[in-house]
1. Take the residues in the range 41-65 that are among the charged types (D, E, K, R) and modelled with pLDDT of 95 or more, then tell me which one is surrounded by the most Cβ atoms within 10 Å (Cβ to Cβ).
2. Restricting attention to the range 258-268, which residues are buried (at least 21 other Cβ atoms within 10 Å of the Cβ) and either of a type in the set (A, V, I, L, M) or farther than 26 Å from ALA340 by Cβ (or both)?
3. Name the pairs whose Cβ atoms lie under 7 Å apart, with the first residue in the range 94-114 and modelled with pLDDT of 95 or more, the second among the aliphatic types (A, V, I, L, M) and open to solvent by 40 Å² or more (accessible area, probe 1.4 Å), and 6 or more positions between them or separate chains?
4. Do you know which residues across the range 198-227 are more than 25 Å from the chain's Cα centre (by Cα) and basic (Lys, Arg)?
5. Among the strands (runs of 3 or more DSSP E) confined wholly to the range 1-40, which include 2 or more residues that are out of contact with any helix residue (DSSP H, G or I) (no Cβ under 6 Å at 6 or more places or on another chain), open to solvent by 30 Å² or more (accessible area, probe 1.4 Å) and at pLDDT below 90?
6. Before we move on, is GLY123 touching a helix residue (DSSP H, G or I) at 6+ places or on another chain (Cβ under 8 Å), surrounded by fewer than 22 Cβ atoms within 10 Å (Cβ to Cβ), outside any loop (DSSP other than H, G, I, E, B) and of a type outside the set (A, V, I, L, M)?
7. For residues that are open to solvent by 40 Å² or more (accessible area, probe 1.4 Å) and among the charged types (D, E, K, R), scanning just the range 300-334, find the one that is nearest to ILE261 (Cα to Cα).
8. Which residue pairs have Cβ atoms under 7 Å apart, sit 6 or more places apart or on different chains, and have a first residue in the range 150-161 that is touching a residue at least 40 places away in the same chain (Cβ under 8 Å) and under 14 Å from GLY260 (Cβ atoms) and a second that is charged (D, E, K, R) and not in a helix (DSSP H, G or I)?
Amino acid sequence: MTSSETTDTGTITEAAASGWQPDHFLDRYEVRTIDLGPDPDGEDPITATLIRRPHAAADARYGAVLYVHGFTDYFFHEPLAEHFAERGRAFYAIDLRKCGRSLQDQHTAHFTTDLRCYDEELGKAVDIIVDELGPDTQILVAAHSTGGLITPLWLDRLRRDDPARHAHISGLLLNSPWFDLQGKPVLRTFPVSMALKAIASVKPKTVIPQELSSAYGESLHQDSRGEWSYDLTLKPLGGFPVTVGFLDAVRTGQRHLHHGIDVGVPSLVLRSDKTYFSGEYSAAVDVADAVLDVGQIAQWSGCLGNRVTTIPVTDARHDVFLSVAHAREQAYREVDAWLAATVDADVDQADVNEAEEN
């Protein structure tokens with residue numbers, strides 16, 4: 001954007017006038033703080049942070065993308081944004097409350113006791129994107145891991161409770177979504193879930209006594225075994241501690257998903273073709289999901305609704321877009337093919353129908 005406003009103190013850009021500021025993490029990207037209401041979990045003040053790729057409006061030939069990160073994560077992946085921008089989609093991402101750029105000293109990192117709380121910032125992000133790009137803007141929601149659980153539940157509620165906002169959503173792209181609790185079968189039983197809920201009701205910030213492996217983080221970061229650069233205070237190698245309250249919120253969301261929902265738009269679920277859990281880094285971690293059980297992702301993907309495409313990506317990591325080169329290249333090809341065959345085809349058909357009516 002090149003337009004500006006003049007004040008008594010000089011000239012300010014349109015971006016600054018509308019609340020956008022330079023991002024401290026990504027060169028030329030901009031951020032906008034989303035003010036939120038009182039924190040139900042008592043860690044006020046809370047905000048979320050919307051991030052946009054430069055020249056978003058010029059990229060929006062096919063609408064926009066809203067990207068939602070996972071647990072122990074934040075948006076840093078510029079190649080992902082560039083891929084969508086090169087294909088005519090303005091790119092936005094959100095760092096949810098208490099996550100990434102939104103994390104403040106008084107916060108427990110990534111803590112919530114109810115995934116529905118994220119509806120507030122997600123809805124406001126949609127409003128900002130539509131306000132910037134126009135009332136006919138269509139938004140592809142893309143999400144990873146925990147974000148891949150949060151967003152379909154949100155879209156199911158949005159379809160039922162806020163159809164005007166939902167009408168702006170063109171599709172859902174999920175990257176290794178957290179659809180079930182990995183580990184021993186006993187952990188997924190009803191008695192264990194109810195015991196977790198009971199503890200969460202009185203001591204929600206109690207940390208789960210489980211040592212977290214740094215193997216996945218080591219496979220990613222350029223200072224260890226990987227090729228990616230990101231801030232280790234916002235995405236530590238071994239992850240943030242998992243609290244009882246957060247895990248109960250996740251299990252509640254997963255149980256709801258398992259009963260079947262309807263996101264109301266075409267969905268693509270990408271995952272690795274294999275899982276490899278390890279306490280220590282090895283080369284096998286580079287070509288498998290070292291965080292989630294991909295069999296569970298496959299099992300529950302059909303619960304999203306009626307138009308679901310699921311694709312295993314050979315040798316993908318947990319974040320398929322941070323995989324080794326040949327795996328992420330396959331992931332991008334699959335996304336492009338799916339968009340052309342479903343999401344963009346739906347938009348093109350809607351345009352034809354509107355033209356015929358006129």
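The values are calculated or read from the model by the stated rules, or taken from the named source; none is laboratory data. All values reported here derive from a predicted model rather than from experimental measurement. We place every Cβ from the backbone using ideal geometry, glycine too, and count neighbours over all the protein chains shown. Protein only, heavy atoms only, side chains kept; ligands, DNA and RNA dropped before computing areas. Shrake-Rupley method; radii C 1.70, N 1.55, O 1.52, S 1.80 Å.
1. Looking only at the range 41-65, we keep the residues that are among the charged types (D, E, K, R), and these are 41, 43-44, 52-53, 59, 61.
Remaining after also requiring modelled with pLDDT of 95 or more: 41, 43-44, 52-53.
Details: ASP41: 20, GLU43: 16, ASP44: 12, ARG52: 24, ARG53: 22.
Looking at residues that are among the charged types (D, E, K, R) and modelled with pLDDT of 95 or more, I get ARG52.
2. VAL263, VAL265, LEU268, listed by residue number.
3. Sorted first by the residue in the range 94-114, then by its partner, the pairs are ALA109/LEU103.
4. Passing the criteria: only LYS203.
5. Numbers: elements: 4-7, 10-13, 30-35.
Result: 4-7, 10-13.
6. On the way: touching a helix residue (DSSP H, G or I) at 6+ places or on another chain (Cβ under 8 Å): yes; surrounded by fewer than 22 Cβ atoms within 10 Å (Cβ to Cβ): yes; outside any loop (DSSP other than H, G, I, E, B): yes; of a type outside the set (A, V, I, L, M): yes.
It is true that GLY123 is touching a helix residue (DSSP H, G or I) at 6+ places or on another chain (Cβ under 8 Å), surrounded by fewer than 22 Cβ atoms within 10 Å (Cβ to Cβ), outside any loop (DSSP other than H, G, I, E, B) and of a type outside the set (A, V, I, L, M).
7. In this case the residue turns out to be ARG307.
8. ASP156/ASP262; ARG159/ASP262
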